[in-house]
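Take a look at the structure set out below.
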Amino acid sequence: MKIYIGKKAAAGNFTAPPSKSFCHRALICAALAEGASILYGMYPSDDALATAACLSALGADIRFDGEKAYVRGFDALSAKATSTLPCGESGSTLRFLTAIALLSQNEVTLTGTTRLMQRPLAEYEKICLGQNLLYKKDKTSLTVCGRLSAGTYEISAEVSSQFASGLMMALPLLASDSRILLTGKVTSRSYLLITAEVMRAFGVDVTVGERDIYIKGNSHYVPREYTVEGDCSGAAFFEAMNRLGSDIKITGLNPESVQGDRVYGKYFDKLCEGFATLDITDCPDLAPVLMALGAAKSGVTLTGTARLRAKESDRGAAMAEELSKFGIKTELHENTLTVHGGQLKAPSVPICSHKDHRIVMACAVLLMLTGGETDNAEDVKKSFPDFFERLSSLGAEVKIVGT
């Protein structure tokens, strides 16, 4: 779907969408509980629906009604044999559900796009080889079989925190206690805190230290009613519009949130003061919007960017390519990048999504200043299905101009 965005500011009230990170974890913890849970604020993004589909394939009963989900849990230790778990394009789904699949002792195949299977999975391969469990991967699938053993796990936290989060949610169901030792530079630690917060909400305690995580075995998830909090990364796009002339009142965020992306306001302040150097080690999902706002202001250097290569796209390179259409130069290095702010020009060709939802939304912020088109606008469904509808409701000029 091709969309035209006109040169026009937005104004009005905006409620932040539910956090995708919390949605994934709430679905999993509810599905691992004995009994029925009701989840409120369950945004039906493609990624959340992928997690729900995988849990259903394992034996959970999940039904969506708008932004509400009814979940009846299953016994993960004796989950029904299933042919495939359809992960789609969701890295969180693949990495979380691999750990859950390694509880049942059944052979489970997780499927996904070629790009998804190109994303790092080495930590699970290492675990499976070390415990003599089946691990077989090809271009579009991963097959595992066997049950994880309780004990001590050394997990690299440099590439992604999702391996540790997956293990955090799975290991409490084993008979004995376990410990996760985080090696290398710990990135995205805030996501581990999100995992722990949701687990505690469903009755399972876990202790997250600076470099180790203690997990009590023989634990039981407890069903409950649970409300997913608002998403800081989704709200950041609309606050970026504010910093460029819009007047949007943003509500629905938890001021005490552990989300790493909650720093967006502080980082935007620095960009509005002048050229800034910002570390995104704990908030890599903010990179596209920070690059966009930096381009429109005085420029920005981002550090901790190496992990952007393993996102839905090579995110730093993808944003650099799209910013060049606005006349903006970007320098890419191993673990840093620099965007040189300047006078934006209207792109003469459509923005390319690179099949990355955050590229689409970040560039939409700039198109509101210049006018222009974006291809594959439907890629926002991965995290924010009604992004353009919400933007239009705030008075922005948004038109579908092609399929």
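The values are calculated or read from the model by the stated rules, or taken from the named source; none is laboratory data. Nothing here was measured: the structure is a model prediction, and the numbers come from that model. Cβ atoms come from the backbone with ideal geometry, glycine included; neighbour counts cover every protein chain shown.
Filter segment 347-382 down to the residues that are part of a helix (DSSP H, G or I) and among the basic types (Lys, Arg), then identify the one that is surrounded by the most Cβ atoms within 10 Å (Cβ to Cβ).
Initially, segment 347-382 is screened for residues part of a helix (DSSP H, G or I), giving 357-370, 377-382.
Narrowing the set further to residues that are among the basic types (Lys, Arg) leaves 358, 381-382.
Numbers: ARG358: 31, LYS381: 16, LYS382: 22.
This residue is ARG358.
Close contacts from segment 263-274, counting a first residue that is on the phi < 0 side of the Ramachandran plot and assigned by TED's automatic domain parsing to the domain that holds GLY342 and a second that is polar (S, T, N, Q) and in a helix (DSSP H, G or I), with Cβ to Cβ under 8 Å and a gap of 6+ residues or different chains, come to TYR264/SER233. Taking the conditions (1) crowded, with 18+ Cβ neighbours inside 10 Å; (2) of a type in the set (Ser, Thr, Tyr); (3) under 28 Å from ALA76 (Cα atoms); (4) modelled with pLDDT of 95 or more in turn, THR227 satisfies each one other than (1). Residues in segment 196-210 that are charged (D, E, K, R) and surrounded by fewer than 16 Cβ atoms within 10 Å (Cβ to Cβ): ARG200, ASP205, GLU210. Filter segment 147-174 down to residues that are among the small types (Gly, Ala, Ser), at pLDDT 95 or above and under 21 Å from ILE28 (Cα atoms), then give me how many there are. Of the residues in segment 147-174, 6 are among the small types (Gly, Ala, Ser), at pLDDT 95 or above and under 21 Å from ILE28 (Cα atoms).
Please tell me if GLU334 is part of a loop (DSSP other than H, G, I, E, B) and more than 26 Å from LYS381 (Cβ to Cβ). Even if it seems obvious, please write down each step before you answer.
Numbers: part of a loop (DSSP other than H, G, I, E, B): yes; more than 26 Å from LYS381 (Cβ to Cβ): yes.
Yes: the conditions hold for GLU334.
When restricted to residues that are surrounded by fewer than 18 Cβ atoms within 10 Å (Cβ to Cβ) and of a type in the set (A, V, I, L, M, F, W, C), segment 327-343 contains 1.
Does CYS87 satisfy the condition of being outside the structural domain of PRO385 (by TED's automatic domain parsing), out of contact with any His (no Cβ under 9 Å at 6 or more places or on another chain), under 17 Å from GLU312 (Cα atoms) and at pLDDT 95 or above? Judged against the criteria, CYS87 is a match.
Taking residues in segment 166-178 that are among the small types (Gly, Ala, Ser), and partners anywhere that are at pLDDT 95 or above and in a helix (DSSP H, G or I), the pairs with Cβ atoms closer than 7 Å and at least 6 places apart or on different chains are GLY166/ARG95; GLY166/PHE96; GLY166/THR98; GLY166/ALA99; ALA170/ALA99; ALA170/ILE100; SER178/LEU171.
The sole residue among SER156, SER190 that is more than 26 Å from THR111 (Cα to Cα) and either buried (at least 19 other Cβ atoms within 10 Å of the Cβ) or assigned by TED's automatic domain parsing to the domain that holds ARG115 (or both) is SER190.
Quick check, is GLY184 assigned by TED's automatic domain parsing to the domain that holds THR109 and either buried (at least 18 other Cβ atoms within 10 Å of the Cβ) or modelled with pLDDT of 95 or more (or both)? First the steps, then the outcome.
Working: assigned by TED's automatic domain parsing to the domain that holds THR109: yes; either buried (at least 18 other Cβ atoms within 10 Å of the Cβ) or modelled with pLDDT of 95 or more (or both): no.
So GLY184 does not fit the description; no.
Across segment 230-273, which residue is surrounded by the most Cβ atoms within 10 Å (Cβ to Cβ) among those that are aromatic (Phe, Trp, Tyr) and touching a helix residue (DSSP H, G or I) at 6+ places or on another chain (Cβ under 7 Å)? Steps first, answer last, please.
Taking segment 230-273 first, the residues aromatic (Phe, Trp, Tyr) are 237-238, 264, 267-268.
Right, trim to touching a helix residue (DSSP H, G or I) at 6+ places or on another chain (Cβ under 7 Å) and you get 237, 264, 267-268.
On the way: PHE237: 25, TYR264: 23, TYR267: 23, PHE268: 23.
Top of the filtered list is PHE237.
Criterion first (of a type in the set (Gly, Ala, Ser), assigned by TED's automatic domain parsing to the domain that holds TYR191 and within 18 Å of the chain's Cα centre (by Cα)) does SER149 satisfy it? Break it down into steps so the answer makes sense when it comes.
Numbers: of a type in the set (Gly, Ala, Ser): yes; assigned by TED's automatic domain parsing to the domain that holds TYR191: yes; within 18 Å of the chain's Cα centre (by Cα): no.
For SER149, the condition - of a type in the set (Gly, Ala, Ser), assigned by TED's automatic domain parsing to the domain that holds TYR191 and within 18 Å of the chain's Cα centre (by Cα) - is not met.
Looking only at segment 307-317, decide whether some residue is more than 30 Å from ALA157 (Cα to Cα) and either outside any helix (DSSP H, G or I) or at pLDDT 95 or above (or both).
Taking segment 307-317 and keeping what is more than 30 Å from ALA157 (Cα to Cα), we get none.
No; the residues of segment 307-317 include none that is more than 30 Å from ALA157 (Cα to Cα) and either outside any helix (DSSP H, G or I) or at pLDDT 95 or above (or both).
For segment 15-27, the set of residues classified as in contact with a Ser or Thr (Cβ under 7 Å, 6 or more places away or on another chain) and either part of a helix (DSSP H, G or I) or surrounded by 24 or more Cβ atoms within 10 Å (Cβ to Cβ) (or both) consists of LYS20, HIS24, ARG25, LEU27, listed by residue number. Of the residues in segment 111-126, at least one is modelled with pLDDT of 95 or more, closer than 20 Å to SER21 by Cα and not in a helix (DSSP H, G or I). Candidates are the residues of segment 28-67 that are in a strand (DSSP E or B) and not small (Gly, Ala, Ser); the one that is surrounded by the most Cβ atoms within 10 Å (Cβ to Cβ) is LEU39.
Would you check if ILE3 is at pLDDT 95 or above, out of contact with any helix residue (DSSP H, G or I) (no Cβ under 6 Å at 6 or more places or on another chain) and not in a helix (DSSP H, G or I)? Against the criterion (at pLDDT 95 or above, out of contact with any helix residue (DSSP H, G or I) (no Cβ under 6 Å at 6 or more places or on another chain) and not in a helix (DSSP H, G or I)), ILE3 does not qualify.
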